[in-house]
Amino acid sequence: MNIEAKELCKIYGKGENRVAALNRVSLKIVPGDFISIIGPSGSGKSTLLHLLSGLDRPTSGHLTYDGKDIYSLTDQELSAFRRQRIGFIFQQFNLLPVLTARENIIMPLLLDRKQPDDAYVEQLSQMLGIQDRITHLPHELSGGQQQRVAIARALAAKPDVIFADEPTGNLDSRSGGEVMEMLKAVREQMGKTLVIITHDNRIAAMADRQLSIVDGTLTEVAARGKTTICWR
């Protein structure tokens, strides 16, 4: 799925309180891309991720998925599009505490009234190393295990693209490294497009395309092959 952002702007407030969170950002994402977007707190990277993934609407500009402007969709249509075509991974995991790991994984499918593919759920749990924790509640899992469940949930509907918002932000260095290696493996083995925002230079360096955002302005700083990172 080809994604193209054109002149995206996001402005909050008016008059003296006016803040330009994004300043005319343009970006093309092609199938199989692994992109990192790095920037300090308040730089606009989370705002950009929310716009690219359809979680928020811009003040101006356009975003097309395979040539269709998704901002032209109604809120209901856009919500369905996100559930079916886009996977999300968040820093806070966002697992429902009363549901088991498996129930959290299949939740996006149930929202679309689809029957889960048991073989595929098993494949995901094995790939992510959580097959023996699948019946556990979130509070019975470590942070790294919870994030693996969140990754499986993001993949449950077989989306075209995965957006990850500081996916290792709540993890220690070792667990964060394991999660990133799993995301790389998912991207390579399943052919997914992966876009990650981070403030960690080590994570940014793992991507094939590295972008930097400062004061709402996006710049591509590197495009390279695979990089090996040592985690401690």
Counting just the residues of the stretch 139-156 that are buried (at least 20 other Cβ atoms within 10 Å of the Cβ) and hydrophobic (A, V, I, L, M, F, W, C), which one comes out nearest to L109 (Cα to Cα)? A156
Name the pairs whose Cβ atoms lie under 8 Å apart, with the first residue in the stretch 63-86 and in contact (Cβ under 8 Å) with a residue 40 or more places away in the chain and among the aliphatic types (A, V, I, L, M), the second assigned to a helix (DSSP H, G or I) and surrounded by 11 or more Cβ atoms within 10 Å (Cβ to Cβ), and 6 or more positions between them or separate chains? L63/L51; L63/L52; L63/I70; L63/Y71
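Looking at the stretch 155-232, what strands (runs of 3 or more DSSP E) fall wholly within it and have at least 2 residues that are modelled with pLDDT of 85 or more and charged (D, E, K, R)? First the steps, then the outcome.
Numbers: elements: 161-165, 193-198, 209-214, 217-223.
Fully inside the stretch 155-232 and qualifying: nothing.
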Quickly run through the stretch 100-116 and pick out the residues that are surrounded by fewer than 15 Cβ atoms within 10 Å (Cβ to Cβ) and either part of a loop (DSSP other than H, G, I, E, B) or among the charged types (D, E, K, R) (or both). D112, R113, K114, Q115
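Residues are listed down the side, and each one gets a yes or a no for (1) in contact with a Leu (Cβ under 9 Å, 6 or more places away or on another chain); (2) aliphatic (A, V, I, L, M):
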{"residue": "I89", "(1), (2)": "yes, yes"}
{"residue": "L96", "(1), (2)": "no, yes"}
{"residue": "M107", "(1), (2)": "yes, yes"}
{"residue": "D132", "(1), (2)": "no, no"}
{"residue": "Q147", "(1), (2)": "yes, no"}
Residue, farthest from V186 (Cα to Cα), within the stretch 78-99, restricted to residues that are among the hydrophobic types (A, V, I, L, M, F, W, C) and in a helix (DSSP H, G or I): L78
Residue pairs meeting the criteria (Cβ under 7 Å; at least 6 apart or on separate chains; first within 20 Å of E4 (Cβ to Cβ), in the stretch 178-199; second in a helix (DSSP H, G or I)): K192/V186; L194/L183; L194/R187; V195/L52; I196/I203; I197/K45; I197/S46; I197/L49
Do we have any residue at all in the stretch 139-149 that's modelled with pLDDT of 90 or more, over 30 Å from R24 (Cα atoms), of a type in the set (A, V, I, L, M, F, W, C) and not in a loop (DSSP other than H, G, I, E, B)? yes
Condition check: part of a helix (DSSP H, G or I), at pLDDT 90 or above and surrounded by 18 or more Cβ atoms within 10 Å (Cβ to Cβ). Does R133 satisfy that? no
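The values are calculated or read from the model by the stated rules, or taken from the named source; none is laboratory data. Keep in mind the model is a prediction, meaning the values are calculated, not measured. Cβ atoms come from the backbone with ideal geometry, glycine included; neighbour counts cover every protein chain shown.
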